[in-house]
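Worksheet for the structure shown next.
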Amino acid sequence: MKDKIALEEHFAIDLTIADSQVYARPEVWEGLKANLLDFEQQRLEKMDEYGTSYSILSLNSPAVQGIPEVQRAIEVAKRANDTLAEQIQRHPTRFGGFAALPMQDPEAAAAELERCVKQLGFHGFLVNGFSQVGDAESVVYYDDPQFNDFWAQVAKLNKPFYMHPRDPLMSREPIYEGRHWLTGPTWAFAAETSMHALRLLSSGLFDRHPEIQMILGHFGEGIPFNVWRIDHILRKGRRGMPCERQIGDYLRENVFITTSGNFRTPTLLSTMLEVGSDRIMYSVDYPFEKHEDAARWFDHCEISELDRRKIGRDNARRLFGLQ
Ligand code: GRE
Ligand code: ZN
């Protein structure tokens, strides 16, 4: 399919590139590093070769979320957003942007989001899970009441956000000890990110702001596959849960799901049955994943051509107001 839109596509700047090294085998690191730092060469070539006309770009992980010093987090976010804005200006028909935000300081995050949307023309923001604040062992999740005004600002600006993975702190998750191959994108990303998403979905955030839309990658980090059971159990007793509706209701009205890094037809079909083809969008997860793998799968998987257009392009056009 031509003219696809992809929206979990990453870059890095000099200040954040080192965060990605642990995820690459030594023999592939130099290539991955070059691809993360590149905008105009391999990135555009691969988009052209495999039919992606427009990519919404975001910073690597955890980057700003992993910087406990608040001022430094604010500065790195600004640097990354300015770098991205410059590239978007050079290639306005090919690149869009998601803001990186210093969630360590909710007021600063709200101000940076406003700058990115109103002055830089970004499409929303992408957060790499929880933020470390003050010291490396202190974490905040965004269902905390200190984010109430931040979320009000998100609703006012009326732009979606992407809840993107990061690894949990190993000091808080001893279950991974001695089994490091299960960290990162193997499993820990999905476990951590689905839990953060469920915290937000069950917090009442989407009752207060029904217009807010959350994007989840990797086919929803496992949530669509388990949502019936979540609500089945909660119907028997909500145990103090503050939201008004069922998790599945929010999943179908406040969540979009992408194909990033999970190029599998049975998983796509199951997700279509659970949330419908209007809430699924194509993505690659470049350069951690290959356009080649994503497009060779998606362009020919056995769905209707109408659904392929929606998932490959039209749902993103509608969500982001693209022409
Ligand atoms: C990502 O950001 O999507 C990512 C990483 C590291 C490894 C794999 C991956 O940050 O998909
Ligand atoms: Zn990613």
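Exceedance of the 22 Å cut-off in Cα-Cα distance is limited, within the set 118/156; 4/78; 46/118; 46/78, to 4/78; 46/118; 46/78. Among the GluC sites (Glu not before Pro) found in the stretch 233-309, those both in a DSSP coil and sparsely packed, with 15 or fewer other Cβ atoms within 10 Å of their Cβ, are 244, 302. Counting only DSSP beta bridges whose two residues both lie in the chain, roughly 10 percent are antiparallel.
A DSSP coil position with no more than 13 other Cβ atoms inside 10 Å describes the following GluC sites (Glu not before Pro) in the stretch 92-165: 137. Annotation note: GluC sites (Glu not before Pro) in the stretch 1-62 located in DSSP loop regions with a Cβ neighbour count of at most 15 within 10 Å are 40. Extending 7 Å from Cα along the Cβ direction at residue 139 and again at residue 231 yields two label points whose distance is 2.8 nm. Annotation for residue 42 and residue 309: the two label points, set 7 Å from Cα along the Cα-Cβ direction, are 3.5 nm apart.
A 1.4 Å probe run over the protein chains yields, for the stretch 240-323, 46 Å² of accessible area per residue, whole-number rounding.
Under the shape rule built on the C-alpha gyration tensor, where the axes satisfy a ≥ b ≥ c, the stretch 177-323 is oblate, since a/c reaches at least 1.5 while a/b does not exceed b/c. Accessible surface computed residue by residue for the stretch 48-163, with neighbouring protein chains in place and a 1.4 Å probe, gives 38 Å² per residue. On the chain, 50 percent of the accessible area sits on carbon and sulfur atoms, based on a 1.4 Å probe. Which of rounded, prolate or oblate describes the chain when judged by the alpha-carbon gyration tensor and an a/c cut-off of 1.5? Rounded shape, in that the Cα axes give a/c under 1.5.
The values are calculated or read from the model by the stated rules, or taken from the named source; none is laboratory data. Because the structure is a prediction, the values reported are computed rather than measured. Using ideal geometry, Cβ is built from the backbone for each residue, glycine included, and neighbour counts are taken over all protein chains shown. We work out accessible area using only protein heavy atoms, side chains counted, and drop any ligands, DNA or RNA first. Shrake-Rupley method; radii C 1.70, N 1.55, O 1.52, S 1.80 Å.
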